[in-house]
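This report refers to the structure that appears directly beneath it.
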Amino acid sequence: MNEICINTPSSAYPIYFSDNFEDIINALKKFFPSDRKICIVTDENVNKYYGQTLLEIVSSAYKEVYKCVFPAGESNKNLNTVQEIYKFFIEKHLDRNSLILALGGGVTGDMAGFAAATYMRGIPFVQIPTTLLSQVDSSVGGKVGVDFLQHKNMIGAFYQPAFVYINLDTLKTLPKEQLSSGVAEVIKHGLILDKSYFEFLESSYDSFFKLDHEVLEKIIRRSCELKGSVVSRDEKEAGLRAILNFGHTLGHAIETLLNFKLFHGQCVSVGMVGAAYLSYINGLISKEDLKRIEKVLASYDLPVRIEELNKEVIYNQMLLDKKTKNNIIHFILLSSIGKAVRVSHVNTDQIFSAIAYIQNDVL
Ligand SMILES: NC(=O)c1ccc[n+]([C@@H]2O[C@H](COP(=O)([O-])OP(=O)(O)OC[C@H]3O[C@@H](n4cnc5c(N)ncnc54)[C@H](O)[C@@H]3O)[C@@H](O)[C@H]2O)c1
Ligand SMILES: [Zn+2]
């Protein structure tokens, strides 16, 4: 079992990398004595694959282990489900010393983490992410929360886990679109922070889709390190953390307008093409770099164009983004491959030209 450490001003915690669930016992024992109550929180899909296995393994070392299962999907990431989770915690008499294991993708991690952050003013939790997106993104950084009315992640907290435990083997059951959707954030990490990582990704798509253990571990580990390095310098999103929004300004607008028909990573992929195009027309990166970025995204089966939306509608949706302030749409652009800059002077014409570009315009 390998590990790296995430240091934030409020806490420091390890991320463990393994290819099984058995090793989690060693990690748990380091933090929690065997008389602690443990509650696994997971969704119905993940429960079918891994719920029973994890329950049995944890029960071999802890006396009281429970499992709380909720229906899968973003549409259940809300306060109603959180209430059901609280009720389960109360029924099982979980107290301040109890521990929550969030087993699943980002929906589970965000929601079980939020329940842990708020139940009795906060009880410890462990992230056990099982999608690529959650392994490289949502389980690192301590953002937990739920959607409210039409607003994504509107209710939440910053709450760091005791540790993160990644069993790479869980990716074997993940549908391929989910896998490639998760890789969009991985490519983002290379683009904004690490050129040589981007270059490694350029040549690794074949082994990635074959789920080559070494390549997967390298990718997940490096992405956790890179995201960890950003959140440790800016835990509460005062500034630097904004670079993680590369591709998301446009990506979120597309995601909302398509009514979540495409996966988040697929929308972010198109959004990154738009942001790379803006970087190009502002003289920051070359045309070759723009094409290179599109090529690597496409090689991971990610879309680089989107056709069906009206330009005005996309622009107006960007104005509604919670990160847009005083009608100024802030963009994260690339000053080169591997380096990001925050820019607020992108003018409307340029934004429309970027929207035209991602809608099949050629250079
Ligand atoms: N907290 C953060 O910083 C942060 C960052 C990015 C995204 N997010 C959140 O993450 C969520 C998206 O996460 P996600 O893409 O992991 O979605 P998800 O949790 O809904 O998982 C996607 C689907 O895959 C299934 N699944 C999970 N693991 C599986 C496995 N190993 N094998 C087979 N099926 C499996 C799930 O049941 C679900 O149906 C969004 O709600 C988003 O807001 C949070
Ligand atoms: Zn994202």
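Can you tell me which residues in the stretch 249-274 are closer than 15 Å to Leu133 by Cα and within 12 Å of ligand 2 (Cβ to nearest atom)?
Selection gives Phe263, His264, Gly265, Gln266, Cys267, Val268, Ser269.
Six or more apart or on different chains, Cβ under 8 Å: which pairs go from a residue in the stretch 153-182 that's within 23 Å of Asn76 (Cβ to Cβ) to one that's more than 10 Å from ligand 1 (Cβ to nearest atom) and charged (D, E, K, R)? Could you list them?
Phe158/Glu235; Phe158/Lys236; Glu177/Asp301
Criterion first (more than 20 Å from Phe198 (Cα to Cα), assigned to a helix (DSSP H, G or I) and in contact with a helix residue (DSSP H, G or I) (Cβ under 6 Å, 6 or more places away or on another chain)) does Ala253 satisfy it?
Yes.
For Ser203, state whether it is small (Gly, Ala, Ser), surrounded by fewer than 21 Cβ atoms within 10 Å (Cβ to Cβ) and modelled with pLDDT of 95 or more.
Judged against the criteria, Ser203 is a match.
Checking Leu168 against (1) surrounded by fewer than 23 Cβ atoms within 10 Å (Cβ to Cβ); (2) under 26 Å from His345 (Cα atoms), which single condition isn't satisfied?
(2)
Scanning for something in contact with an Asp or Glu (Cβ under 6 Å, 6 or more places away or on another chain) and either small (Gly, Ala, Ser) or at pLDDT below 95 (or both), does the stretch 154-170 turn up at least one residue?
no
Does any residue in the stretch 258-281 that is free of Cβ contacts under 8 Å to residues at least 40 places away in the same chain come within less than 6 Å, Cβ to Cβ, of a residue that is among the charged types (D, E, K, R) six or more places away or on a different chain, and which pairs are these?
Cβ pairs passing all conditions: Cys267/Glu255.
Which members of the stretch 165-182 meet the condition of being within 9 Å of ligand 1 (Cβ to nearest atom), assigned to a helix (DSSP H, G or I) and hydrophobic (A, V, I, L, M, F, W, C)?
Matches in the stretch 165-182: Leu171 only.
The values are calculated or read from the model by the stated rules, or taken from the named source; none is laboratory data. Keep in mind that this is a model prediction, so the values were computed, not measured. Because the Cβ atoms are built from the backbone with ideal geometry, glycine has one as well, and the counts that use them run over all protein chains shown.
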